[in-house]
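Asker: Can you read through this structure? Questions will come right after.
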Amino acid sequence: MTVFPLLAVVLPFVAAFAGLLLPRWPRRRPESRPGSGASAANTRAAWMAVLPTAAAAVLALWLAWAPGFAFLEGATPGPAVGRTYGTIGTGAVPISLTLQADDLSAILGVLVTLVALAVQVYSVGYLHDDPRYPSYSAFISLFTSAMLLVVYAGDLLVLYVGWEIMGLCSYLLIGHWWEDKSNSRAAIKAFLVTRLGDVGFLFGIFVLGGAAGSFQIYEVLEKVPEMSTGTMVTATMLLLAGVAGKSAQVPLHTWLPDAMAGPTPISALIHAATMVAAGIFIVARLFPVFQGAPPTLDVLAVMAALGMLGAALAALAQDDLKRVLAYSTISQLSYMAGGLAVGSDSAAIFHLLTHGAFKALLFLCAGAVIHHVGSNLMSQMGGLRRALPVTFVTMTIGFAALAGLPPASGFFSKDELLLAMDPALPGSGLTDAAALLLYGCALATVAVTGAYATRAWLRTFFGAARVVALPEPEPGTAHVIDIREAPRTMLVPIVLLSVPAVLLGFAGGLHVELGVAAVSVVLALLGGGVVYAFWRSDPLADPARLLGPLRVPCERAFYVDGVYAALFVRPVLALARLVVRTDDVVVDGAVRGSGRSARGLSGLLRLAQNGNVQLYVSGVLAGVLLIVVGAVVFT
């Protein structure tokens with residue numbers, strides 16, 4: 001069992017290697033049917049991706065079963081299972097190649113592998129005719145391997161390797177359809193924004209490793225009582241930059257909505273199991289360090305408060321279904337960050353698990369809807385509950401879990417978070433202002449979450465079907481309307497994910513505080529009820545009109561992108577143009593000027609060597625004359 005973490009990481013990595021090199025090998029004669037060669041390559045790539053991911057999921061389940069779910073139940077954590085595979089000397093603090101699984105990593109490993117497996121199976125149907133499917137599935141496998149390396153790493157620098165590989169994979173997968181310039185720009189934006197946070201993250205690792213004399217996580221945590229408050233505040237503030245980038249928290253959240261440019265299964269993978277989960281996981285993994293830095297917890301609480309309510313309001317005004325879910329992810333991750341800020345790491349991880357299940361379900365259902373309609377915009381949807389009955393039922397479950405309605409899993413995990421954030425309870429460690437801000441925003445976000453979940457549900461599945469005019473067909477050809485559900489490879493993962501979206505809330509035990517639960521449900525129903533009333537009064541109009549003058553600012557996400565463009569992007573571009581101009585005029589101008597000077601001087605010298613004898617004699621006589629005159633004058 002000690003090698004299970006290594007096998008869980010290596011299997012998807014081998015799948016990525018095989019998926020990049022082997023699906024189209026050996027190359028055979030072109031098939032008689034057009035596209036049959038690509039179809040065969042896609043089939044081979046699918047098997048190469050699905051089978052190793054399934055094996056990794058079995059290993060992750062075995063690891064989770066062995067230590068048990070003690071982390072969620074608040075019991076004493078079980079012993080770590082793993083092995084050290086060598087040490088790299090650095091001349092100072094060595095790097096230990098350690099992989100291990102304890103209660104926290106075992107639980108997250110299950111989430112990563114099961115969602116990755118669902119995405120791989122779903123993608124077989126979603127991208128069945130995509131010519132770049134082999135590389136796509138290989139990058140998903142590499143993404144899965146990198147996240148598992150983050151989860152099972154026993155050394156902070158080994159963890160950082162997986163952290164950075166995830167950033168590379170997100171760039172490659174978001175820009176999968178790179179022919180569209182907006183997609184490639186979204187990939188670049190995600191890469192640059194997350195790299196910005198990763199600079200601080202790396203220096204935070206250096207501070208912790210230098211203070212502890214080791215990068216091994218368990219040794220760092222053992223040395224926490226010996227560290228000064230200043231060291232822990234410095235380290236955690238730097239780490240928080242990486243957490244904000246990876247988990248799309250304020251102020252580094254702007255990349256996540258644009259990341260919807262990638263295929264929908266990638267959105268599910270990024271939002272549910274990898275990337276965004278990594279930041280929350282890191283805070284939970286190093287939680288004793290953060291507890292020793294109260295100022296950092298105050299900053300984390302303020303970030304969470306602004307992120308959860310601001311993103312929820314932005315989700316309420318979006319027309320793109322995937323962007324609604326993207327802003328929803330930012331908001332829900334802020335809930336988890338708020339739980340960590342008040343000291344409840346178990347509640348935060350519990351919500352991370354339930355969110356992984358229902359958000360993956362929602363994205364995959366959104367993919368089925370988009371696959372059917374051919375558009376991301378809810379203004380072009382409506383009345384789909386009869387055409388897509390399975391998708392309707394499963395997405396309803398996902399929206400119920402998102403809104404925190406019982407008995408869906410989100411109800412139980414959100415109840416624990418709200419209970420932990422109650423400022424009346426002692427022991428949070430936050431200042432009074434930060435605690436009140438966090439709790440007030442959390443309650444307001446419950447109502448707004450119910451509102452935007454209800455709006456998306458109504459606009460997608462109810463009301464009149466919105467028919468989009470199709471181009472006139474060729475003579476003798478009739479329009480064909482596809483009224484079927486998605487392919488079975490897409491429906492099976494959706495149906496299976498709906499089970500944990502409903503039942504996972506019971507895994508942490510039925511620890512429900514009736515007062516908090518009642519307030520939460522009433523607020524969610526109030527938000528949903530207001531939206532339903534506006535929709536009922538005019539089913540053709542967008543219920544987002546209830547925002548009034550705030551609708552446009554919410555739709556533009558409060559102009560944060562515009563502010564960043566004015567403060568950072570345009571000045572950097574102006575500086576870049578100045579550098580280019582300086583290089584062209586000054587540096588290259590000096591080189592070009594020296595060349596022109598040399599050519600001019602060579603032209604003058606060439607006059608003395610033109611082959612004209614008379615000119616040579618005249619020059620000699622002129623020289624003699626000058627010598628004579630000089631001798632006479634100066635003698």
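Asker: If you check G463 against the conditions, is it open to solvent by 30 Å² or more (accessible area, probe 1.4 Å), under 24 Å from S331 (Cα atoms), in contact with a Pro (Cβ under 7 Å, 6 or more places away or on another chain) and not in a helix (DSSP H, G or I)?
Answerer: No: the conditions fail for G463.
Asker: A further question follows. Among (1) crowded, with 23+ Cβ neighbours inside 10 Å; (2) modelled with pLDDT of 90 or more, which single condition is L437 missing?
Answerer: Answer for L437: the failing condition is (1).
Asker: Moving on. Would a scan of segment 121-137 turn up a residue that is more than 25 Å from A261 (Cα to Cα), under 20 Å from the mean Cα position of the chain (by Cα), at pLDDT below 95 and open to solvent by 10 Å² or more (accessible area, probe 1.4 Å)?
Answerer: no
Asker: List, please: which pairs have Cβ atoms under 8 Å, are six or more places apart or on different chains, and start with a residue in segment 165-179 that is within 14 Å of S267 (Cα to Cα) and end with one that is β-branched (V, I, T) and not in a helix (DSSP H, G or I)?
Answerer: Every condition considered, the pairs that remain are M166/T274.
Asker: Determine, yes or no, whether P553 is open to solvent by 60 Å² or more (accessible area, probe 1.4 Å), under 30 Å from A312 (Cα atoms) and part of a helix (DSSP H, G or I).
Answerer: So P553 does not fit the description; no.
Asker: Given the structure, is V531 of a type in the set (A, V, I, L, M), assigned to a helix (DSSP H, G or I) and under 24 Å from Y327 (Cα atoms)?
Answerer: It is true that V531 is of a type in the set (A, V, I, L, M), assigned to a helix (DSSP H, G or I) and under 24 Å from Y327 (Cα atoms).
Asker: Taking R386 and the conditions (1) touching a residue at least 40 places away in the same chain (Cβ under 8 Å); (2) open to solvent by 10 Å² or more (accessible area, probe 1.4 Å), which numbered condition does it fall short on, given that it satisfies the others?
Answerer: Checking R386 against (1) touching a residue at least 40 places away in the same chain (Cβ under 8 Å); (2) open to solvent by 10 Å² or more (accessible area, probe 1.4 Å), the one that fails is (1).
Asker: Would you pick out the residues in segment 210-231 that are in contact with a Leu (Cβ under 9 Å, 6 or more places away or on another chain) and more than 18 Å from V93 (Cα to Cα)?
Answerer: None; the set is empty.
Asker: Of (1) in contact (Cβ under 8 Å) with a residue 60 or more places away in the chain; (2) closer than 17 Å to L306 by Cβ; (3) surrounded by fewer than 20 Cβ atoms within 10 Å (Cβ to Cβ), D422 satisfies all except one. Which?
Answerer: Going through (1) in contact (Cβ under 8 Å) with a residue 60 or more places away in the chain; (2) closer than 17 Å to L306 by Cβ; (3) surrounded by fewer than 20 Cβ atoms within 10 Å (Cβ to Cβ) one by one, D422 breaks only (2).
Asker: Moving on to the next point. Whether any residue in segment 229-245 is under 20 Å from T144 (Cβ atoms) and not in a loop (DSSP other than H, G, I, E, B) is what I want to check.
Answerer: No.
Asker: Continuing with the same structure: Of the residues A268, A248, which is assigned to a loop (DSSP other than H, G, I, E, B) and open to solvent by less than 10 Å² (accessible area, probe 1.4 Å)?
Answerer: Checking each option against the conditions leaves just A248.
Asker: Could I ask something else about it? In segment 138-183, what residues are among the aliphatic types (A, V, I, L, M), open to solvent by 10 Å² or more (accessible area, probe 1.4 Å) and over 13 Å from the mean Cα position of the chain (by Cα)?
Answerer: Within segment 138-183, L142, L149, L157, V158, V161 qualify.
Asker: Take V572 and decide whether it is surrounded by fewer than 18 Cβ atoms within 10 Å (Cβ to Cβ), among the hydrophobic types (A, V, I, L, M, F, W, C) and modelled with pLDDT under 95.
Answerer: Yes: the conditions hold for V572.
The values are calculated or read from the model by the stated rules, or taken from the named source; none is laboratory data. Since we're looking at a predicted model, the values are computed, not measured. Neighbour counts run over all protein chains shown; Cβ positions are idealised from the backbone, glycine included. With ligands, DNA and RNA removed, areas are computed over all heavy atoms of the protein, side chains included. Shrake-Rupley method; radii C 1.70, N 1.55, O 1.52, S 1.80 Å.
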